[in-house]
Amino acid sequence: MIQTAIARRYAKALFELQAPAEISPTAATLKVLAEAFTTSREFRDLLLSPVFTPEQQAAVIAQLAARAGGCPPLTGRFLTHVVHKNRIAHIREMSEEYGKFADQVSNRKVVEVSAARPLTDEQQAALRAQLEQVTRSQIDLAVHVDPAVIGGLRIRIGSTVYDGTVRSQLSRLRLALAKA
């Protein structure tokens, strides 16, 4: 909880300082760094080790950010500041929070869909079109296969879940019959 609050504060500060043209490249850079921090044990150890000075750690981050392509200068200075404040361990959370701010400004929503079987391209397109019409936003659709669903769909938009699965309907029916 505290990490999320710290990450949100840093992400909001960076977001508010950015020019609109720098938002997308910054989000991409933070995502690359967060992914490297999460997947590479060596990278994570280098950034968390007291053996390396903050200047050395900042130089490594700057090189990786440059390789990510299109890293705005403000973002580079921000990352150096994060390293010097010893908050780089929260880079994944900062990236997620910054991504939320960027999606909000660009009127995009991430929608997670759970289905019993993979959806065809036509089904995904129809679902995306329907969701865009209902939410009046552009939709980034993430479809997950979950055999426990049995049939139907479970759709998560932010913190709201629309559960149209067979399992959910059977559960509601069971409760209704138990009350009767």
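Overview of results
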read-out	value
Alpha-carbon Rg with Dmax, taken over region 100-179, Å	14.5, 47
Percent antiparallel among DSSP beta bridges (both partners in region 21-180, rounded to 5)	55
Accessible area of the chain belonging to carbon and sulfur atoms, whole % at 1.4 Å probe	55
Folded to 0 to 90 degrees: helix 20-39 orientation relative to the chain principal axis, Cα	90
Label-to-label distance, nm, for residues given as residue 172 and residue 40 (7 Å Cα→Cβ offset)	4.8
Residue-averaged [θ]222 nm for the chain, counting only DSSP H segments that reach four residues, each worth -39500 (n - 2.57)	-20500 deg cm²/dmol
Degrees, to the nearest 10: 166-179 long Cα axis against longest axis of the chain	60
Folded to 0 to 90 degrees: helix 73-84 orientation relative to the chain principal axis, Cα	80
Relative contact order of region 64-180, pairs being alpha-carbon contacts under 8 Å that are 6 or more residues apart, as %	23
For region 6-15, 3J(HN,Hα) per residue [Karplus equation, 6.51 cos²θ - 1.76 cosθ + 1.60, θ = phi - 60°, Hz, x = Gly/Pro]	5, 4, 5, 5, 5, 5, 5, 4, 5, 4
Highest average packing first - 92-100, 3-11, Cβ atoms within 10 Å	92-100, 3-11
Å³ per residue enclosed by the Cα convex hull of the chain	170
Rg to Rh quotient for region 1-40, alpha carbon positions, Kirkwood Rh	1.03
Selection from 50, 114, 76, by position along the positive dipole direction of region 43-118 (Cβ)	114
Net length gained if the chain between residue 52 and residue 136 were fully extended (0.36 nm per residue, minus Cα distance)	25.4 nm
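The values are calculated or read from the model by the stated rules, or taken from the named source; none is laboratory data. In this text, all values refer to a predicted model and were calculated from it rather than measured experimentally. When we count neighbours, we look across all protein chains shown, and the Cβ atoms used for this are built from the backbone with ideal geometry, even at glycine. Remember, those area values only see protein heavy atoms, side chains included, never the ligands or the DNA or RNA. Shrake-Rupley method; radii C 1.70, N 1.55, O 1.52, S 1.80 Å.
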